[in-house]
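Notes to accompany the following structure.
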Amino acid sequence: MPQCPRRIFAPLLLLVAACGFAQNPARPAPETTPPAPADLSSADKKAPEQVDRKPVDLRPDAAGVVPAEQIRELLLHAEDNDFANDKRQRDYTYIEREERHKFDGHGALKKIESRTSDVLEIYGEPVERLTAKDDRPLSSDEAKKEEEKIQKIIDKRKNESEDARRKRLQNEEKEREENRKFVLEAADAFNFRLVGSELIDGHDSWVLEGEPRPGYQPKAKYAGMLRYFKGRVWIDKAEEQWVKLDVMVTDTISWGFVLARFHKGTHAVVEMTEVNHEVWLPKHVQFHVDVRLALFKGIAEDIEQTYHDYKKFRTDTKITVVGEDSR
């Protein structure tokens with residue numbers, strides 16, 4: 001998922017998670033060392049975690065309205081499939097390029113910055129290795145620091161005691177369960193209506209529009225913030241996977257001990273792509289962020305992230321690039 005500072009942008013990231021686009025939720029690390037990268041095989045099939053059931057067919061009633069039960073069932077299927085998809089994501093690495101347009105208090109552009117990183121999986125943990133700034137390769141010293149950072153992560157996991165590992169996995173499982181409760185609650189927190197169908201990257205997809213349900217009482221942690229969002233989601237009809245998300249903040253949200261305030265108009269668009277007929281990975285992310293921190297100046301930025309060069313890991317073989325259109 002977008003690598004914005006999580007302490008600042010956590011509410012928006014939680015919203016994205018609520019609609020099934022949590023790219024890297026906490027998950028257990030494997031007990032062995034990271035596998036060697038591998039060639040992709042055309043014989044690869046969907047992982048066994050894929051839920052095997054008949055897709056939901058949304059059908060309007062006599063008044064032309066799709067019953068809420070059908071939409072809720074589709075959303076829950078999409079969440080189940082996304083949870084299974086997350087397990088397959090750990091087998092992939094790719095390149096992320098992030099470009100930030102920073103604005104002053106009057107809306108004038110101050111600066112444009114970009115960062116390019118390899119997104120790796122090390123012991124089941126997503127890690128970014130910075131490779132370029134402003135589209136220029138890192139200096140030798142900067143590259144060395146990045147490699148040292150990666151090595152520290154590897155050493156930390158290799159030398160982790162059994163007790164420390166058990167506690168870490170327990171905390172990760174607790175966090176994952178909280179995230180899952182939050183995701184599932186989104187299906188009840190919004191009134192969704194079927195807008196129609198749209199072809200996204202060759203995938204025939206349902207288009208749902210959601211607005212907060214009046215009087216809804218949140219149950220999961222952080223679910224109260226859902227009443228400040230509205231947007232659209234695109235779900236592949238056959239795969240029942242999230243394809244696209246377009247969400248906007250409708251009112252000011254206060255967040256955290258530093259009293260961060262997200263202003264009306266903060267906006268996120270997330271697009272996914274199917275790779276190798278087995279996994280959905282991030283393709284394109286856009287954020288417009290307007291936030292103010294207590295005792296600090298406001299932050300106004302347009303952030304765009306693009307992803308490419310998807311590669312899969314297997315034992316005893318080498319990395320091979322997967323084409324972006326290799327569905």
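Data for the structure
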read-out: Set of aspartates and glutamates near Lys221 by C-alpha distance (under 19 Å), chain-local residues within fewer than 8 positions excluded; value: Glu79, Glu172, Glu173, Glu175, Glu177, Glu178, Glu185, Asp188
read-out: Simple spin-label estimate for Ala238 and Ala108 in nanometres, 7 Å along Cα-Cβ; value: 5.3 nm
read-out: Inter-centroid distance (Cα atoms) of the range 121-174 relative to the range 218-283, Å; value: 27 Å
read-out: Net charge over other residues, Cβ less than 12 angstrom from the Cβ of Asp134 (K, R count +1; D, E count -1); value: +2
read-out: Whole-Å semi-axes of the ellipsoid equivalent to the range 159-262 (Cα gyration tensor, √5λ, descending); value: 30, 22, 13
read-out: Distance between modelled label sites at Asp141 and Lys264, nm, 7 Å Cα→Cβ extension; value: 4.9 nm
read-out: Anisotropy class of the range 54-206 from Cα gyration tensor, a/c 1.5 cut; value: oblate
read-out: Linear extension gain, His284 paired with Ala63, 0.36 nm per residue minus alpha-carbon span; value: 75.9 nm
read-out: Low-density loop cleavage sites - trypsin sites (Lys or Arg not before Pro) in the range 138-223, where at most 15 other Cβ are within 10 Å (DSSP); value: Lys219, Lys221
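Coordinate-derived values only; no laboratory data. All values derive from a computational prediction rather than experimental measurement. Glycine also receives a Cβ, built like all others from the backbone with ideal geometry; neighbour counts cover every protein chain displayed.
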